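Where a number appears in this text, it was derived from the coordinates with a stated rule and is not lab data. Owing to the predicted nature of the structure, the values given are computational and were not obtained by experimental measurement. In this analysis, Cβ positions are derived from the backbone assuming ideal geometry, glycine residues included, and neighbour counts consider all displayed protein chains.
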Amino acid sequence: MEGTDLTAEWIVGLIDMQSFYASVEVATRAEYLRRRFLEADDSDPALAVTGDPKRRSGIILAATPAAKACGVSTAMRLGEALHACPSLVYVPPRMQLYIDTSVRIHETVRQTFPKYEPFSVDECFFAFPSPSDLFPDPVQAAADLRTRIWNQFRIRSRVGLAPNKWAAKMANKAAKKVSGGVLWWRSQENVLDAIHPLPVTDMWGLKRRAATLQAELGCSTIGDVARLPLGRLRARFGVWGEVIHRWANGLDYSELNTDTMSLPHQGYSHRTTLPRDYTRRDEVTVVILELLDEVCTRARQAQQKGRRIGLGLTYASLTGGFYKAKTLPFASNHSEALYSTLLELLDRHWDLSGVRAVSVSLDQLGFEDGVQLNLLEDILRRQALWATVDEVRRNYGETSLMRLSSLLPAGQLRERAHKIGGHTA
């Protein structure tokens, strides 16, 4: 790059949009525009985006800092939120608006820095060389990006800068408490000084493994994890032990993948939250088949098929449940070949508790580079059938061809067809 020292090191940044769905809602409502300021969270109204505002049992999807200050939190039921904050403004989600805004913000970041990688709808990585004539002051470069996003979209953000992606994610979390919303951990030593005193539960990416590190290995802080012998971590976590060891020592060798949007999928999944607790097997199986059809449709569109099929159930009150998967001796993207395995997982692991959410996944993917023939089934005819179904649905909508089971009271396909990500478009 012209104007860049060839000996320069790359600084990695992660930018995260604050309370994204709620921020978009506030930013697009004229009654709030004049009173809002970039560095004043409390200039926003107490507003929440909720899954079903018509029902007090709707779940809070996002809330502004002002709402959170009143005790409102994500995943709280709307009735609870109104009890905590009677003046709460609550609105239904507009998922297409959020997606469109996300695409524009991501494009802004991509145009600003030489390297960019999307991470989620409201987060992305970027990187730039330092020292560099284009970016002489890394903190100012990040601050300028925050200001640009605020000026264009009226959405607040925070930025973490560090030597690698994992450390940038951790710096981003810490930036929440920093005036100006930008935090730069300049060196490996800075990273270790910042993360080692933190509780092990603050270590991003561990999920349930943090509890194991606490209970079984006696680690209270990330520094405790860093001091564990690598062999002990490997013995307990396998390959993950190596990753945990690196992270605890502030290391991450993964590169920014600027082509991530064009890479083949590693897996497909769909999840839906049910309008009530399903307690009968025949109700749950209707939803499982609908989700499996959606997963297989996406796989066929990408000309991929998978060998491992997974089923997840979340129980009443959205607590408890299971996720189990099984690897098959063949790969498929046809529902009839995979459905029986999901039923097997259901019967083996479901304890008959009321089911409030269902998920289906397909991974261990490969490309459709051949056809495994079967003497007992006309595989080519089956492929032609699904190709026709896919084409009809692509031209006339997902509900133009449905299974009869989707017309039963338990069916969710017709409701889901009008939503994005399970929420109102």
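Brief remarks on what is shown
- Tensor-based shape of the range 196-248 (alpha-carbon gyration tensor, a/c under 1.5 rounded, otherwise prolate or oblate): rounded
- Dipole moment magnitude, nearest 20 debye, the chain about Cα centre, only Lys, Arg, Asp, Glu C-beta charged: 1060
- Anchor Lys326: lysines whose Cα lies under 29 Å away (excluding residues fewer than 8 positions away in-chain): Lys207, Lys305
- Positive-end residue of Phe367, Pro138, Val91, charge dipole of the chain with Cβ unit charges: Val91
- Entry note: the chain has Rg to Rh equal to 0.99, where both radii use alpha-carbon atoms and Rh is the Kirkwood radius.
- Each peptide in 241-249, 274-282 receives the mean, over its residues, of other Cβ atoms within 10 Å, and ordering these scores from highest gives 241-249, 274-282.
- Net charge dipole size for the range 1-158 [Lys, Arg +1 and Asp, Glu -1 on Cβ; Debye, nearest 20]: 940
- Peptides ranked, highest mean first, by Cβ atoms within 10 Å: ranges 84-96, 396-408: 84-96, 396-408
- Within straight-line cross-link reach of Lys68, aspartates and glutamates at Cα separation under 14 Å, skipping those fewer than 8 residues along the same chain: Asp41, Asp42, Asp44, Glu80
- Cysteines without a disulfide-compatible partner [the chain; Cβ-Cβ under 4.7 Å]: Cys124, Cys219, Cys296
- Positive dipole terminus of the range 196-248, leading residue within Cys219, Leu206, Gly238 (C-beta point charges): Gly238
- Candidates Glu283, Glu216, Glu189: whichever shows maximal mean-square fluctuation once the chain is modelled as a Gaussian network with Cα springs under 10 Å: Glu216
- Cα coordinate range in the range 115-201, projected on the principal axes (Å, largest first): 37, 29, 25
- Per residue, the convex hull spanned by the alpha carbons of the range 264-424 comes to 123 Å³.
- Antiparallel %, DSSP beta bridges [both residues in the chain], to 5: 90
- Rounded to the nearest 20 debye, the dipole size of the range 20-96 about its Cα centre is 280 debye, using +1 on the Cβ of Lys and Arg and -1 on the Cβ of Asp and Glu.
- Value at 222 nm in deg cm²/dmol, rounded to 500, when DSSP H runs of n ≥ 4 in the chain each add -39,500 (n - 2.57): -11500 deg cm²/dmol
- Residue-count net charge about Thr388 - beta-carbon cut-off 14 Å; Lys, Arg +1, Asp, Glu -1: +3
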